[in-house]
Amino acid sequence: DLKTEALKDRHWKTILARLNIKVQLPQLTVGILWKHGVANRRKEMAEILTVAQGEMALEQFLGQVRDRWMKQELELVFYQTRVRLIKGWDDLFNVLDDHLGGLVLMKSSPYYRAVREFQEEG
């Protein structure tokens with residue numbers, strides 16, 4: 001379970017701290033994990049993994065929202081040869097409404113704080 005891409009450096013640092021391992025991440029091996037009893041602490045490792053997966057789901061959603069709006073182009077059409085109007089604005093507002101609803105739900109997630117702090121750092 002520990003070989004998932006959901007585990008970022010910040011999660012590995014938590015694992016190392018819980019197992020009282022004092023090596024840098026590049027030097028970490030499976031042998032070191034076994035030697036420090038990772039198999040005996042499955043519940044703790046599962047909790048860290050659950051947090052990592054929850055954070056990853058939020059990060060992916062934020063990435064999808066960011067990508068959609070960064071690439072969004074507006075098609076403008078002339079109305080009565082005086083003003084330009086956005087064509088397809090109803091679809092645009094439907095997507096916006098969906099994304100806003102998702103972001104509101106995201107704020108109630110127990111993983112929101114960690115993801116927000118991580119997004120602000122990077």
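The values are calculated or read from the model by the stated rules, or taken from the named source; none is laboratory data. In this text the structure is predicted, and so the values were computed from the model without any measurement. Note that each Cβ is placed from the backbone with ideal geometry, even for glycine, and that neighbours are counted across all protein chains shown. Each accessible area value is taken on the protein alone, full model and side chains, heavy atoms only, with ligands, DNA and RNA left out. Shrake-Rupley method; radii C 1.70, N 1.55, O 1.52, S 1.80 Å.
Laid out as a table, the results:
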| item | result |
| --- | --- |
| Which numbered condition PHE93 fails, given (1) in a helix (DSSP H, G or I); (2) over 12 Å from the mean Cα position of the chain (by Cα); (3) in contact (Cβ under 8 Å) with a residue 40 or more places away in the chain | (3) |
| Check on ALA39, surrounded by 11 or more Cβ atoms within 10 Å (Cβ to Cβ) and either outside any strand (DSSP E or B) or out of contact with any strand residue (DSSP E or B) (no Cβ under 7 Å at 6 or more places or on another chain) (or both) | no |
| Residue match in region 51-68 (condition: of a type outside the set (Asp, Glu), more than 30 Å from GLY101 (Cα to Cα) and open to solvent by 50 Å² or more (accessible area, probe 1.4 Å)) | no |
| Single unsatisfied condition, THR81 versus (1) at negative phi; (2) surrounded by fewer than 11 Cβ atoms within 10 Å (Cβ to Cβ); (3) of a type in the set (Ser, Thr, Tyr) | (1) |
| From the options LEU76, LEU2, LEU25, residue that is open to solvent by 40 Å² or more (accessible area, probe 1.4 Å) and more than 26 Å from the chain's Cα centre (by Cα) | LEU76 |
| Of all residues in region 92-111 being touching a Gly at 6+ places or on another chain (Cβ under 9 Å) and not polar (S, T, N, Q), the one that is surrounded by the fewest Cβ atoms within 10 Å (Cβ to Cβ) | PRO110 |
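Residue-by-condition table, conditions (1) closer than 19 Å to TYR111 by Cα; (2) outside any loop (DSSP other than H, G, I, E, B); (3) in contact with a strand residue (DSSP E or B) (Cβ under 6 Å, 6 or more places away or on another chain); (4) without any contact (Cβ under 8 Å) to a residue 24 or more places away in the chain:
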position: LEU7; (1), (2), (3), (4): yes, no, no, no
position: ILE15; (1), (2), (3), (4): yes, yes, no, no
position: VAL23; (1), (2), (3), (4): no, no, no, yes
position: THR50; (1), (2), (3), (4): yes, yes, no, yes
position: LEU58; (1), (2), (3), (4): yes, yes, no, no
